[in-house]
Amino acid sequence: MTRTERVQATGHEHVSAAHESTFEFTTDDYLTPAGDCILGIEADRSPADFSEGFVAACQDPDATITATIEAAGYEVTITGRGDPELTFENERSMVGRTSTYVDDRTIMVDADAAAADIDRELVDALAGGASVTMALTVD
């Protein structure tokens, strides 16, 4: 059964999308230049808001988790997998990882892309403050 959670956020002038192993969305209303994995701020939801069914599906190590990120007419899809250690308990931010590291912010592991891999036109739109939507789907 496919389950989807949607997150709305906003870009920021400091979005650089330079990080080579993660991408992140945060509920924080600010971004410093050091946050080089952050794609969106002021997210309307955090992992702690996701449904129990969605979380349970993501805890299957065979689950495929897909993040479809859209802003200003640009779209990118990042695919990773689930892990039994995913908790979705963080109330502030969510991180997709190309590694297998898991903490309470992790929303997928073994992702096939990170912030640095995202199309630069999409990154430019985010740096210009564009609204961004991430649809997180688990199969």
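A search for C-beta distances below 8 Å between a residue of segment 21-33 that is closer than 12 Å to ARG105 by Cβ and crowded, with 19+ Cβ neighbours inside 10 Å and any residue that is polar (S, T, N, Q) and modelled with pLDDT of 95 or more, counting only pairs 6+ apart in sequence or on different chains, returns THR22/THR98; GLU24/SER93; PHE25/SER93; THR26/SER93; THR27/SER46; THR27/SER93. Of all residues in segment 39-58 being free of Cβ contacts under 8 Å to residues at least 40 places away in the same chain and of a type in the set (A, V, I, L, M), which is nearest to MET134 (Cα to Cα)? Filtering segment 39-58 for residues that are free of Cβ contacts under 8 Å to residues at least 40 places away in the same chain and of a type in the set (A, V, I, L, M), the one nearest to MET134 (Cα to Cα) comes out as ILE41.
Could you tell me whether segment 54-63 includes any residue that is of a type in the set (Phe, Trp, Tyr) and assigned to a loop (DSSP other than H, G, I, E, B)? Walk me through how you get there before you give the answer.
Going through segment 54-63, the residues of a type in the set (Phe, Trp, Tyr) turn out to be 54.
Those still in the list that are assigned to a loop (DSSP other than H, G, I, E, B) too: none.
Taking every residue of segment 54-63 in turn, none turns out to be of a type in the set (Phe, Trp, Tyr) and assigned to a loop (DSSP other than H, G, I, E, B).
What number of residues within segment 62-77 satisfy the criterion of being surrounded by fewer than 21 Cβ atoms within 10 Å (Cβ to Cβ) and out of contact with any Gly (no Cβ under 6 Å at 6 or more places or on another chain)? Number satisfying all stated conditions: 11. Candidates in segment 34-53 are the residues that are of a type outside the set (Asp, Glu) and not in a loop (DSSP other than H, G, I, E, B); of these, the one that is surrounded by the most Cβ atoms within 10 Å (Cβ to Cβ) is LEU39.
Of all the residues in segment 1-41, those that are under 12 Å from the mean Cα position of the chain (by Cα) and modelled with pLDDT under 95 number 0. Per this entry, ASP139 is not counted among residues that are among the charged types (D, E, K, R), surrounded by 17 or more Cβ atoms within 10 Å (Cβ to Cβ), over 19 Å from HIS14 (Cβ atoms) and in contact (Cβ under 8 Å) with a residue 24 or more places away in the chain.
The values are calculated or read from the model by the stated rules, or taken from the named source; none is laboratory data. Note that the structure is predicted; figures quoted are calculated from it, not measured. When we count neighbours, we look across all protein chains shown, and the Cβ atoms used for this are built from the backbone with ideal geometry, even at glycine.
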